[in-house]
Amino acid sequence: MAVARAAEQLGYDSLWATTHTAIPVHFESRYPYDPSGRPAWNATTPWGDALLSLAYAAAITERVHLGSSVIPLTTTDPLTLAKHAATLDVYSGGRLELGIGAGWLVEEGQALGRPTDHRSARLEESLEILRLAWSRPTFSHAGRFWTFPELGVNPKPLQGDRLPIWIGGQGERALRIAATSGCGLMLWFVEPDAVRDYIARFRAVGGSGPVAAAMPLAPNAGRWLELSSQYASAGTDLLIITSYGQASSVTTTLEDFAKQVLPELP
């Protein structure tokens, strides 16, 4: 509650929630957002469900956009995701931005009984299903991975099939999927110079959507304005600042960033 209200009151554009459902104690999958290949969190780390957390935030805010960063498709299926996202978009007054990814933690998908093969191809087909579900009263689908008869997923999002979708991932396949599907590209913990390179490659393959980058606040204390300016100069459209800890410390950090950085950026 404190973080959501702080984001709204301090002038931030959007509020983002990450998610995992069931984290195995032991896994071999490589974490793609740290050079070590291992995350700082583990199976005992508390993860609120992203869309449930954002639904709660929607109820206590009026302006700030609400985004998932990101939902791995190894933990859900496209019809369920279409339903949940549409419902949240309606209840929030059209403020949802849906971040999804192919999913890197294979063992999590296996624990949930979800398919983990051909993850990038499944992501592409899921995008097609999401947009059908959000744009037609009823529809059928016969694809490589999912086939179902004429059915309806209602209500529709207030934003319809224009609901913003972000593709999370830093591999070439994720970049191309975001480009060819007209989605935004979400980069996690990438330095400004690397963002500039990603944007050039994204545009070169036809990507026209926005590009987001995440910046952790604690390791970059004292450099917030410098780095934020560098991200802006690199062409970043959305900068997601991450801060973990007790709500009181997070809100204090958000207040400090708002005072030091927001007035100085265009």
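No lab work stands behind these numbers, since they all come straight from the coordinates. Owing to the predicted nature of the structure, the values given are computational and were not obtained by experimental measurement. Here Cβ is always computed from backbone atoms with ideal geometry, including for glycine, and neighbour counts include all displayed protein chains.
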What does the convex hull of the Cα atoms of region 73-173 come to per residue, in Å³, rounded to a whole number?
98
If you place +1 on the Cβ of every Lys and Arg, -1 on the Cβ of every Asp and Glu, and leave all else neutral, what size is the dipole of region 1-86 about its Cα centre, to the nearest 20 Debye?
40
I need the calculated FRET efficiency for the pair Thr147 and Leu262, taking r as the beta carbon distance and R₀ as 45 Å, to the nearest 0.05.
0.40
Label model pair Ser229, Phe189: point-to-point distance (7 angstrom along the Cα→beta-carbon line) in nm is 2.7
What FRET efficiency comes out for the pair Thr80/Ser249, r = Cβ-Cβ distance, R0 = 45 Å, nearest 0.05?
0.85
Would you kindly derive the ³J(HN,Hα) couplings of region 199-214 from the backbone phi angles with the Karplus curve 6.51 cos²θ - 1.76 cosθ + 1.60 (θ = phi - 60°), listing them in order in whole Hz, with x for Gly and Pro?
4, 4, 5, 4, 5, 5, 9, x, x, 10, x, x, 10, 10, 9, 9
Taking the simple approach of a point 7 Å from Cα along Cα-to-Cβ for both Arg203 and Glu28, what is their distance in nm?
4.2
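Compute the normalised compactness of the chain: alpha-carbon radius of gyration over 2.2 N^0.38 Å, N being the residue count.
Scaled against compact globular proteins, the figure is 0.99.
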Simple spin-label estimate for Thr138 and Trp47 in nanometres, 7 Å along Cα-Cβ:
3.7
